1. Relative contact order of chain B, please, whole-number percent, based on alpha carbon pairs below 8 angstrom and at least 6 residues apart.
2. In the protein assembly as shown, what percentage of the DSSP-assigned beta bridges are antiparallel, given to the nearest 5?
3. Can you compute the equivalent ellipsoid semi-axes for chain B, i.e. the square root of 5 times each eigenvalue of the Cα gyration tensor, sorted largest first and rounded to whole Å?
4. At a Cα cut-off below 19 Å, give the aspartates and glutamates reachable from residue A:285, other chains included and same-chain residues fewer than 8 away excluded.
5. Exactly which trypsin sites (Lys or Arg not before Pro) in segment A:322-413 are in a DSSP loop and have at most 10 other Cβ atoms within 10 Å?
6. Within 13 Å, Cβ to Cβ, of residue B:153, how many net charges do the neighbouring residues add up to if Lys/Arg are +1 and Asp/Glu are -1?
7. Using only the alpha-carbon atoms, what does the protein assembly as shown span along each of its principal axes? Please give whole angstrom values in decreasing order.
8. Hey, what did segment A:539-594 get for relative contact order, percent, Cα under 8 Å, at least 6 apart?
Amino acid sequence: MAAPIPSGRSSSERAVLLGNGAIARGLLEGGCEVVTAYPGTPSTEILEEVIRQKTELGLNVATEWSVNEKIAFDVALAASMCGKRSAVAMKQVGLNVASDSLLSAAYTGCLGGFVVVPADDPGPHSSQTEQDSRLFAIFAKVPVLDPSSPREAHAMAREAMELSERHRIPVMLRPTTRVCHARQPVELGTIDRTARPAKFVKDPPRWAATPRYRLPLHGELNAKLEAIRKHFESSPLNAEDVRPGPFGIIAGGCAAAAVRDVMKEEGWDIPLLQIGTPFPLPVQKVMGFIARHDRVLVIEEPDEAIEVQIPDRRKVQGRLTGHVPGHGELTPDVIARILGAPEPAPAPAGAAFPPRLCPGCGHRSVFYELRLALPNAIYSGDIGCYTLGTNQKAIDTCLDMGSSISLATGFWRAHAKDGRDVPIVAIIGDSTFFHSGIPALLNAVAAGARFVVVVSDNGIVAMTGAQPTPAEAGAKIEEICRALGVKWVRVFDPYRVKDGIGLFKEARAWTKAPEGGIAVVVARRACALREPPAVRIPVDVEAGLCDGCDYCLKFCECPGLVKDAAGGKVTIDHTRCVDCGQCIEMCPSDAILPVKGAMARP
Amino acid sequence: MIARAERPAQIVIFGLGGQGILFLTKLLAEAAAIEGRGVIVSENHGMSQRGGAVESHVKIGDFAGPLVRRGRADATLAIDPARLGDARAFGGECFANAAAAEGARALDAAAIARELGNARAANIALAGFAAAARPDLFPARASLLAALEKISPPKAIESNRKALLKGMESA
């Protein structure tokens, strides 16, 4: 349950906020009236917190979970073009999706303050890359602020809004996982409740700029960046210890916080320049710092955004010189090692606890049924909880959002070209289907591809904690598929294991039929975390029948099934089991049985 | 000797997804804030919450970043006994949710929680146990209770409170 947010009318109020909550608060204090996002760890709670806080404080702020990051970006940008202050949040790879808009918007600029918040994930903890959004800011030519804590993120969100409106340029705020998911007391400021009425002023040379107008806009952009760089030279966001010495450290973001803590613990007193504005880099300040030292180490993550902008690196060490690891999170342990602190005893090899699909999850049955129906298929996977189908060996690829269908098209094309027909299955979740599966499916139909698409539909964005999808507004996946030209579409409940096996075989047959093509199976079952099974079928293992073959552990792979170490048989962990009854069908010895008197599925 | 309120404390909590690690982390952060202490904590979100290993860090005092260095913890809590090895490697005094545990102070917090009819409150009982055993590191009882009231869902306040107090009595 969320703690109440103080009203923020007095500046002395404090609240313990998640980093993402601190960003939300900073945006609201900065007068943000429109906030959009597509969920993705570690960014999701930014919009969730905006929604919570605006409700708590009775603010008139428009919020939207958009269908994907590019759309979220455009919606928020247009609000800024109308003079409103706005923001868009996403995870770092979401910025790849929104990058087309970002690079163009850097040229057109904006009107109301417009803050872009991509959350980076060094580690990576929940992402496919360790990419550095600060490098994206350099590439796109937009300023970026880099907080090292929730408290700084709060202040920088406000600052980013001001900076954006003053210079009419999108401004990036780049938190990382350890800021987003840190929690800290934050001094609250006053919410700017100014209503800035939407007013779109036509200005085709800017908002509809053709290449002819893009050239002067590029010049204008360069001039804005130079003005901002000068402003950053004296900005308090770059905290500098001006003492000279043989050795100094330049650090940014969470790495700067870790450097401070390690120095304190080790009793070291090394001058530090914390860069809060990595682009445009305040070059004079940085070169002045370097001039006061014989050697300077640059510590930043996940890539080298500060280091590459330093014009003279003769005294500089960092990632480029191999003094800082080129991949992985810069935890205090890593930073202590870089700085030469004594190493702790090696960690014992602890047991691994890989994440697994939840008990009762409908995805689990989908994977089970697929493996039985189409055991030799190429399983083209996608991004979501169901990437955990790797545990059931029913996911062979995972590239990025929506690529299950486009990769499947490529798998089909590569084999079809050789005159071969192989079973191919694309497995995509409902939100990912809306996000970027739709154009991929349209393409597959137009290409005349032949494969099976399974949309495993649990009704929400489950991985990130149950955000709504367009289905809430009535979007129907099966209707969309038919409209895209798919002639074979079926919907079923994946809990019905026998039905699923039969349907997947039928679907495969359609991909081989002369009149056939793409076959879509929508496996619809609500996320078990949000909606536990309505029909409860408690089960137990009949010990006399279980021969300890481990088939259920491998193929059902439910956390509720555990091997009894002593007896070598499987038992049900009733603290985890949600009585979904799916495993009854998944025991070759029929040893998993409904508890006597339990209701069978109708 | 440093006055109690000024002693920095680094606490690391280990468990598995779904065991209330996030809740406990938030509890300690709110309680420390109620005492006017500096505090910064780090939480695991996302994929790790699907039953995977979860580890959260709590730093009370004047710290800049949220992560504790291995070997530098003052106390660790193993909410799941399976994480005992990881907890012990972080240093400091280890408190384990187990009937008995080597190298740790054990409390069968799961049994306490079950007795109270709130099986999910083992995390809170173990925190109470550790807080009573190490008042030099953890927020005081009154602060923990106030924080618990603030962040618990209304219908869980009473049973959470009982779990905390029962854990404290067991120290």
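1. On the way: 376 pairs, mean separation 38.2, N = 171.
About 22 percent, as a whole number.
2. 30
3. Values: eigenvalues 86, 70, 52 Å².
Equivalent ellipsoid semi-axes, largest first: 21, 19, 16 Å.
4. A:146, A:226, A:233, A:240, A:241, A:294, A:300, A:304, A:307, A:312
5. Working: sites: A:337, A:356, A:364, A:371, A:393, A:413; in loops: A:356, A:393.
Counting only loop positions with at most 10 other Cβ atoms within 10 Å, none of the trypsin sites (Lys or Arg not before Pro) in segment A:322-413 qualifies.
6. On the way: positive: B:26, B:120, B:150, B:155, B:161; negative: B:149, B:158.
For residues surrounding residue B:153, the net value is +3.
7. 76, 73, 51
8. Values: 80 pairs, mean separation 27.2, N = 56.
Value for segment A:539-594: 49 percent.
Computed from the coordinates by the stated procedures, all read-outs in this text should not be read as laboratory data. Owing to the predicted nature of the structure, the values given are computational and were not obtained by experimental measurement. For neighbour counting, all protein chains shown are included, and Cβ atoms are generated from backbone atoms with ideal geometry for every residue, glycine included.
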